[in-house]
Amino acid sequence: MEPEQVDSLGAAAIIPTILGLLITLFLVAAMWKILTKAGQPGWTILVPFYGMYLLVKIAGKPTPPWLVFVPFVNFFVFLISPFGMAARFGKGTGFGFGLLVLPFIFYPILAFGNSTYSHPPAAA
C-alpha cells in the first residue's frame, strides 16, 4: 500500500471509534441515572461487575444477583434481567425486550424518562 492509502484508512477508523466512545459514555450516564432512580449510588456502574450486580439486584428477579459473577450462568441472568428491570419501572414485556435487544435506545428512555422505580415487596 502507498502511504496515502494507509493514512486514509487510519482517518476512516477514527470516526467509528469516536462514535463508539460517545455511545458508551451515553450508556454509562443512562445506567448511572437508573441506579440513582433505584436508590443506589450511580458511580457504582464504573466499578466492573459491581455495577452490573446492582442492576441485576434492582431488577428483582428471583435469581440471586451474585450469579453475575459465575461464568456462563451470568449469560442467562443477563437475558432475564431486562424484563425485571422493565417491570420495576412500570413498563411491560415489550419494553423489556427492547432493553434486551436495543439497550442503547431503551436504557436512556428508562433513565431520562419520567418512569419511577418501585421497590420489590418486602419478604414475609
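The values are calculated or read from the model by the stated rules, or taken from the named source; none is laboratory data. All values reported here derive from a predicted model rather than from experimental measurement. With ideal geometry, Cβ positions are generated from the backbone for all residues, glycine too; neighbour counts draw on all protein chains shown. When the accessible area is computed, the model is the full protein with side chains, heavy atoms only, and any ligands, DNA or RNA have been set aside. Shrake-Rupley method; radii C 1.70, N 1.55, O 1.52, S 1.80 Å.
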key: Solvent accessible area, Å² - Thr93, 1.4 Å probe, full protein context   = 100 Å²
key: Top positive-direction residue, dipole computed over the chain with Cβ charges, set Phe26, Trp66, Phe78   = Trp66
ask   = In the chain, with Lys and Arg counted as +1 and Asp and Glu as -1 at Cβ, which of these residues, Tyr50, Ala111, Ala38, has the Cα nearest the positive end of the dipole, that is, farthest along it?
value = Ala38
remark   = TM-like helix rule applied to the chain (DSSP H, alpha carbon span at least 18 Å on the long axis, mean Kyte-Doolittle at least 0.0) gives 3-37, 73-88
inquiry  = So if a site counts as exposed when it's one of the chymotrypsin sites (Phe, Trp or Tyr not before Pro), its DSSP state isn't H, G, I, E or B, and it has at most 14 other Cβ atoms within 10 Å, what's the longest stretch of the chain without one?
reply    = 73-124
ask   = Between the stretch 78-110 and the stretch 31-57, how many Å separate their Cα centres?
value = 15 Å
task = Could you tell me what percent of the accessible area of the stretch 29-124 is made up of carbon and sulfur, with a 1.4 Å probe and every protein chain present?
result = 73 percent
inquiry  = Could you report the stretch 12-52's accessible area per residue, 1.4 Å probe, as an integer in Å²?
reply    = 65 Å²
task = Specify which labelled value, from (i) 40; (ii) 31; (iii) 19, agrees with percent of Cα pairs over 25 Å apart derived from the coordinates of the model shown.
result = (ii)
